[in-house]
Amino acid sequence: MDFGSRERNEVEAGYVSRNDTIPRELKEPNPRLWLFIILIGIALYLIVEFPVKPIDGYIDPFYAPTVLVLPLVGLFRITCYAYRKDYHRHIFKHPLECSINNRHDSQKRGYTGETRLFRLENLHRYFLYGSILILPFFYLDIYKALAFNMAITLAAVILAVNTILVTLYLFSCHAFRHLTGGGTDCYSCKFAGRSRRSFFDVQSYLNSHHEQLAWASLLMFIFVDLYLRALSSGLNINFIILHL
Amino acid sequence: MRSDILIIGAGGAGMRAAIAACEKGADVIIVTKSLIGKAHTVMAEGGIAASIADVDKADNWETHFSDTIVEGVYIGDWRMAELLAKEAPERVYELERYGAIFDRTDEGKIMQRAFGGHTYKRLCHIGDKTGLELIRTLEDKVLHSKAKIYDEIYITKLFIKDGRFAGALGIEMRSGDFIFFNAKAIIISTGGCGRVYKITSNSWESTGDGLALAYNAGARLKDMEMIQFHPTGMVWPPGVRGLLVTESVRGEGGILLNTNHERFMLRYSPEKRELDARDVVARSIYYEIKAGRGTAHGAVYLDISHKGADFIKRKLPGMYSQFMEFAGVDITKEPMEVAPTVHYQMGGIEVDPYTTSTCVSGVFASGEVASGLHGANRLGGNSLADILVFGKIAGDNAFEFVNGKEFTEVLSNEIESEIERVKGYIREGGRNPYNLMDELTTVMEDYVGIMRVGDDMRAAIKRIDDLKIRAREMGVRGTTKYNHGLLGCLEVENMLIVCEAIAKSALMREESRGGHTRSDFPKRRREWKRNIICYNNGGVMDFVTEPVPDLPDNLARLVKPEVYEDE
Amino acid sequence: MSDLNSVSNRRITISIYRSESRSYVDYTVPLEDGMVVLDAVRYVQEFIDTTLAIRWNCKAARCGSCAAEINNMPKLMCKTRIDTLPDKIRVAPMGAFTNVSDLVTDVSENYMINRQIPEFKPDERAERPWRIAQIDVDRTKEFRKCIECFLCQDVCHVIREHKADYVGPRHVVKVASLDMHPLDTLDRSEFLNREGGLGFCNITKCCQEVCPEGIHITDNAIIQEKERAVDGDYDPLLWISRKIRHNR
């Protein structure tokens, strides 16, 4: 394509490195990236090495239904459009800020965007499908918690809130939006077009809060995990709200 | 640069003409003073008037024709009005096929809204951004055609050889170079001259350049006194004074109130109320403010808040954000403050109704710069219909004209001397053109404004003469490269011609009709059912009047006969 | 009428980039109520230094000519009220484009890119005049608000810092507006992905942040086009199903 007046220095810009499988972004000395990888590594080690046993019927969401699905859920989040924005900005600094004086981005830094290894992000929809398959287990866990105690407890409520947030996060996903109507140009030409369009509008509303939901549900996940660990260590922080 | 047809102005009319000429196979160059797609057409908000009868089934071209003639107060050219009324629907459908979208009815047809002076709901629209949609669609079409586009070029002179158009000289603003465009025909579609007034809704380009170029080339200007004051312009804050508040606000149910909370249009126009023709509403607002029933900013209230926030944000998103951002007024809760603002020039270059050709061979004109269609007052929505219908006619006929013709050469010393003239403005110690522009627009605003009186206009003509003399000392520093100051000098020269034509025509017309209201001649008079024409008579502006051509019987039947109060 | 005619003594200083000296020059201009940056810049151009090159047309945020960088943020000068800015105001030309003079930049590459986007191609079999439902108009309507100010192109780091072969947010919006037309028959996502460099976009959403028309560029145009490109270029199951259908 002809890009008119864009003057560039191809060698320096470094995005035309056709032989590199590993994008330039990952080769750069980037303490933020190292720190991020280390933190993720430690977290994974802790989760795998120190599992939370089901206590009083409450199952830690990291282990629902099994810790083996964690990579799938992790990949779903890693390829999520909301997190992509965050780590491209705050880890790779491409760019750090929109304000043009504080971007920490430049022509000298290599940039491949989502064209090389990061092209895998385009498989986001498959991780979504997988995650949707796992979702029923979360609801099952709420049921188990209620059935085990025969009461609505604080812990059960926390689990329920977590599950609702995860559900909202999943179904506000951009890939899901593509399915609900993003790929449709003419609703009125389709069967039940008006209802489909209304569904798309509702989903679009959720989607506009996808970023907030992504972070809310992630923080909730961690909170629930810490809460249940505290509970299983013997702290008395659970109480019954209503007997069933 | 060589091409069969040169088009100056890349607004709706110019681009529609380019598409028509390109489709026929002509070699076309479009030049524009600003970037492509930025023309004043983007400001059109209401819609395109076309009697497609999607909403009101009773509508037809005959009613559209009669509305245009009656609201143009009987001095419009019936041939143009007939063409417009008959062809507008097809032009709208064609625009849709080019890719434009319109709001739809429940049946999926094009949605039409009510507008001042139109008997039926007739304006095809998309929200309040119809002009933008129109220009974007035509822009895409032109960019994908073979037409060559030269943007940011200011044309300084048209060259006429042996009574025929030969070429035009322009400055390429980005490089500062002069470019000579050799062409067999030219279509002038440079838009209006609203910038000659202080308070105007018009954008930077609308300085009447096309009018002055045509006048200097020997074309005749018609009905120059007919300036449309849009009833509703913003008044506060000062920086946006004059900015348009679309008529759609009234079309969608907005009402006008004075400071006594009286819906005063019930007094001035009990039947059509807020949706009477623009001249009537503008005058009514003017009288209310004069009578002391206006706000502190010299305005009346326009209220749409009773329609509810959802409705307003969906139907008038542009107005909502315009008031929110510029004035800090939430129009879903509070009324807007509005006052009349200069909006449109009904008059312009005299053209043949069927070919849009001027009296100079090879010079065509279409759009706001041309005259005839709107008579003494333009109907809302007719301007967008005008540029589509007559843009196409201009393109088609310019092609017919150039077919088989040869290029006419222009002597290089003539071009050189024009370049020298332009470069002459670049000098140290010259008079700042913007001071003159400021003075000129103030004179026009104060003396040849919405309410005119003989003595004022005589004073204005004197002031304009005086400004002409001072304009000889104009000069700016810098080079020819992107020098707005230099353009300012050239624009002032053009504006002076336009202002002289407006003021002198207005002084001649001793009656009140449409956009022209005189306090010393408050009534409409049968002997003035004429067009005032001005032309360049060896360097002196001369005027003649000509009777308006009579309607043939089959059309006269459609139109409510004209009534004069005195008879 | 007092507040309209009162001669105020309030003044502000605005520093404007001048290409001749390659530096910022301070100008002092009188301050009016509700004044926007363009008012101040025009005052400088008309009454202080007529050689200052600026580009403006409508002064109503409808034409998109007066794009500039005000205090390091890409904005429309006509839409930025001075009372929303700190005391120090700095106006620079858009940095992603070649500078022509002072605040004026060469944005012509955008028109060249537009030329290469496949045109609207309606379904010729559709009965005329067309019937289109309002629900099918609403989505593309958002993209048609674009005033081509090119602030999104300016802020996009792919273009600004990396000069990559990416068409840029404005043109993805253009493609989306054509693709989502209910009667359009083309799918331009493949064009966008292969020739338009859509993959270079890493959805950092600055374009959406600066859009003066409030178009959800990233969410509604870019990501939707990316998902369509996944359908065509990346999704393995869809690829296999296309192969099978093709072989039949």
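The values are calculated or read from the model by the stated rules, or taken from the named source; none is laboratory data. Everything numeric in this text was worked out from a predicted model, so none of it was measured. Note: ideal-geometry Cβ built from the backbone for every residue, glycine included; neighbour counts use all protein chains shown. Just so you know, the surface numbers come from the protein's heavy atoms only, side chains and all, with ligands and any DNA or RNA stripped out. Shrake-Rupley method; radii C 1.70, N 1.55, O 1.52, S 1.80 Å.
Based on the alpha-carbon set only, what is the convex hull volume of the stretch B:176-272 divided per residue, in Å³? Don't skip to the end; give the middle numbers.
Values: hull volume 18.4 nm³, N = 97.
About 190 Å³ per residue, rounded to a whole number.
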Positive-pole candidate from B:A471, C:H157, B:N377, dipole of the protein assembly as shown, charges at beta carbon: C:H157
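Rg/Rh for the stretch C:137-217: what does it come to with C-alpha atoms and Rh from Kirkwood? Could you put the intermediate results ahead of the total?
Working: Rg = 12.4 Å, Rh = 12.9 Å.
Ratio of gyration radius to Kirkwood radius for the stretch C:137-217: 0.96.
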Label-point separation in nm, A:R119 to A:S195, each point 7 Å along Cα→Cβ: 4.1
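Which value, in debye to the nearest 20, gives the size of the charge dipole of the protein assembly as shown about its Cα centre, when Lys and Arg are +1 and Asp and Glu are -1 at the Cβ?
Numbers: 132 positive and 141 negative charges, 372 e Å.
In debye, rounded to 20, the protein assembly as shown gives about 1780.
Express the relative contact order of the stretch B:230-342 as a whole percentage, based on alpha carbon pairs under 8 Å and six or more residues apart in sequence.
That works out to 37 percent.
Over all directions, average the projected area of the Cα convex hull of the protein assembly as shown and note it in nm².
Values: hull surface 194.5 nm².
Approximately 48.6 nm², given one-decimal rounding.
Note down the relative contact order for chain B as a percent, whole number, built from C-alpha pairs under 8 angstrom at least six residues apart.
21
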Interface residues in the stretch B:34-60 - accessible area drops by 30 Å² or more relative to the isolated chain, probe 1.4 Å: B:L35, B:K38, B:V42, B:M43
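Please work out the average accessible area per residue across the stretch A:34-109, using the 1.4 Å probe convention, and give it in Å². Don't skip to the end; give the middle numbers.
On the way: 3870 Å² over 76 residues.
Averaged over the residues of the stretch A:34-109, the accessible area is 51 Å².
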The stretch B:412-547 - accessible surface per residue (Å², probe 1.4 Å): 41
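According to the Kirkwood expression over distinct Cα-Cα pairs, how big is the hydrodynamic radius of the stretch B:26-65, in Å? If you can, show how the numbers build up before the last one.
Working: mean 1/r = 0.0733 Å⁻¹.
With all distinct Cα pairs of the stretch B:26-65 included, I get 13.6 Å.
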Given charges at beta-carbon only (K, R positive; D, E negative), |dipole| of the stretch B:117-259 in Debye: 320
Computed E for C:W239/A:F137 - FRET, C-beta separation, R0 22 angstrom, nearest 0.05: 0.10
Euclidean distance of C-alpha centroids, the stretch B:114-133 and the stretch C:115-181, integer Å: 24
C-alpha long axis of helix C:134-143 to longest principal axis of chain C, angle in °: 50
B:T442-A:L35 pseudo-label distance in nm [points 7 Å out on the Cα-to-Cβ vector]: 6.1
Coarse-grained scattering of the stretch C:108-247 at q = 0.10, 0.14, 0.16, 0.17 Å⁻¹, given as base-10 log I(q)/I(0) from a Debye sum over alpha-carbon atoms: -0.36, -0.68, -0.87, -0.96
Separation in nanometres of the label points that stand 7 Å from Cα toward Cβ, at C:K121 and B:V544: 5.5
Accessible area of C:D123 in the full protein assembly, 1.4 Å probe (Å², nearest 10): 40
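Excluding ligands, DNA and RNA, what is the solvent-accessible area per residue of chain C at a probe of 1.4 Å, expressed in Å²?
Working: 9280 Å² over 248 residues.
That works out to 37 Å² per residue.
At a Förster distance of 30 Å, what's the computed FRET efficiency of A:N102 paired with A:V202, Cβ-Cβ distance as r, to 0.05? Don't jump to the answer; show the numbers that get you there.
Numbers: r = 38 Å, r/R0 = 1.26.
Efficiency, rounded to the nearest 0.05: 0.20.
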Residues A:F223 and C:V25, FRET efficiency given R0 of 51 Å [Cβ-Cβ distance, rounded to 0.05]: 0.40
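Can you tell me what share of the DSSP beta bridges in the protein assembly as shown is antiparallel? A percent to the nearest 5 is fine. Show your work: numbers first, answer last.
On the way: 68 of 93 bridges.
Here the antiparallel bridges make up roughly 75 percent for the protein assembly as shown.
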Pairwise burial A:C, computed as accessible area of each alone minus the pair, summed, 1.4 Å, Å²: 5100
Total lysine pairs whose alpha carbons fall under 19 Å of each other in chain A (8 or more apart, or interchain): 5
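Expressed in nm to one decimal, what extension gain is obtained for the pair B:K523 and B:A309 from 0.36 nm per residue of sequence separation less their Cα-Cα distance?
Full extension of this stretch gives 72.8 nm more.
Sorted by mean Cβ packing within 10 Å, highest first, what order do the peptides C:221-228, B:475-482, B:290-297, C:152-159 take?
Values: C:221-228: 25.0, B:475-482: 19.0, B:290-297: 14.2, C:152-159: 27.8.
Descending mean neighbour count gives C:152-159, C:221-228, B:475-482, B:290-297.
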Buried accessible area, chains C and B (both chains, 1.4 Å probe, Å² to nearest 100): 5700
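What is the dipole size for the stretch C:1-149, taken about its Cα centre, with +1 at each Lys and Arg Cβ and -1 at each Asp and Glu Cβ, in debye to the nearest 20?
Numbers: 22 positive and 22 negative charges, 55 e Å.
Computed about the Cα centre, the dipole is about 260 debye.
Give me the percent of accessible area attributable to carbon and sulfur for the protein assembly as shown, probe 1.4 angstrom.
On the way: 21880 of 39820 Å².
Using a 1.4 Å probe with all protein chains present, the protein assembly as shown comes out at 55 percent carbon and sulfur.
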Disulfide-incompatible cysteines by the Cβ rule (no partner under 4.7 Å) in chain C: C:C66, C:C78, C:C146, C:C149, C:C156, C:C201, C:C211
Note, ³J(HN,Hα) from phi for the stretch B:438-447, Karplus 6.51, -1.76, 1.60, rounded to Hz, x at Gly and Pro: 4, 5, 4, 5, 5, 4, 5, 4, 7, 10
Chain C - Rg (one decimal) and Dmax (whole number), Cα, Å: 22.1, 81
